[in-house]
Amino acid sequence: MLVNAFQQPIGAPLPHWTARPVPPHTPLNGHFCRIEPVDVDRHVDGLYRAYSTAPDGRDWTYMSAGPFADAESFRSHLIKAAASRDPLHYTIIDLATHEPTGMLALMRIDSGNGVIEIGHVAYSPLIRRTSAATEAMFLLLRHVFDDLGYRRCEWKCDHLNAPSRAAALRYGFQYEGIFRQAVVYKGRSRDTAWFAMIDRDWPAIRMAFERWLAPENFDAAGVQRVTLANLIAAQCSGTESSFRRTPESSQE
């Protein structure tokens, strides 16, 4: 434990730390998908079609926006998203069809402290539970840690949003607790569940993502041989990562 001249415990020094770059709003390319800045004219029709494949509006219950009554209200939402610089909204393009299939964002960008959040994750039924969905998250995480050198990436959601909580754990974020009555949205109170990943967690998690996305992890029918959660647990075991499994972490 480090102490100062007054024998008080203090955190680790960062003598070479400098503020990190603000993320450039540029495309990120993968094997299954590309994520690119929201472009209303190019993306609005495809995204609206993708979201309209859902049988009802339940996917928007825990989002700050939606569901959308018609194409025009969705266009208005997308215009605001495209103009925003924090959050930085991205459209996910499925490289098999070259069609938009969902959205996600980098937000709460704190370049001075090297902290950033992934949020506004809205996957349509066309991408949910596919390799492209997992790769889209991998592309953003790799960008945050490897390209930009951030120290911490956060994930937050309504604590009642069980699918979002399970997704955070599957992707390798660690649960950090509940902020009570943190947000008011859609006329409701929200207790916010916090999850985070830090830079020393990332090398092992990156390797797990790469192993999961590799062609040999899928059989002839496209079914995964090993889950991402199990790969992350195996990679992080015995490393210097601060990763710890929780009872929820086995969800896939």
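How would region 1-149 be classified by its alpha-carbon gyration tensor: rounded, prolate or oblate, with rounded meaning a/c under 1.5 and the a/b versus b/c comparison settling the rest? Please list the in-between numbers first.
Working: a/c = 2.48, a/b = 2.17, b/c = 1.14.
Here region 1-149 falls in the prolate category.
As a rough footprinting exposure proxy, the listed residues ILE116, ILE35 were ranked by other beta carbons within 10 Å of their own, and the order from fewest upward is ILE35, ILE116. The percentage of C-alpha pairs in the chain whose separation is greater than 29 Å is 32%. Here the residues THR227, THR53, ranked from fewest to most Cβ neighbours within 10 Å of their Cβ, fall in the order THR53, THR227.
In deg cm²/dmol, rounded to 500, what helix-only [θ] at 222 nm does the chain give when every DSSP H run of at least 4 residues adds -39500 (n - 2.57) and the total is split over its residues? Kindly include the intermediate steps, with their values, before the conclusion.
On the way: 6 runs with 68 residues, N = 252.
Calculated mean residue ellipticity at 222 nm is -8000 deg cm²/dmol.
Going 7 Å from the Cα of THR227 along its beta-carbon direction, which residues of region 154-180 have the amide nitrogen within less than 12 Å of the resulting point? Residues 166-167, 169-171 qualify, since their backbone N sits under 12 Å from the label point.
Working out 0.36 nm times the residue gap between GLN181 and THR61, then minus their Cα-Cα distance, what length gain in nm do you get to one decimal?
Details: separation 120, 0.36 × 120 = 43.20 nm, distance 1.74 nm.
That works out to 41.5 nm of additional length.
With loop membership from DSSP and a limit of 13 other Cβ atoms within 10 Å, the longest segment of the chain without chymotrypsin sites (Phe, Trp or Tyr not before Pro) is 18-252.
Evaluated with a Cβ-only charge set (Lys, Arg +1; Asp, Glu -1), region 151-252 carries a dipole of roughly 380 debye about its Cα centre, given to the nearest 20. Note on region 104-222: dipole from Cβ charges, positive end direction compared against ALA132, ALA208, ALA182; the farthest Cα belongs to ALA182. Put simply, the amide H of ALA122, placed in the peptide plane, has neighbours under 5 Å in MET103, LEU104, leaving out anything fewer than 5 places away on its chain.
For the residues ASP94, ASP110, what sequence is obtained by ranking on other C-beta atoms within 10 Å, fewest first?
Ascending number of Cβ neighbours within 10 Å: ASP110, ASP94.
Looking at region 105-147, the trypsin sites (Lys or Arg not before Pro) that sit in a DSSP loop and have at most 15 other Cβ atoms within 10 Å of their own Cβ are ARG128, ARG129.
Taken together, the values in this text are just the output of simple stated rules run on the coordinates, not laboratory data. Since this is a predicted model, take the numbers as computed values, not measurements. Counting neighbours? That spans all protein chains shown, and the Cβs are built from the backbone with ideal geometry, glycine included.
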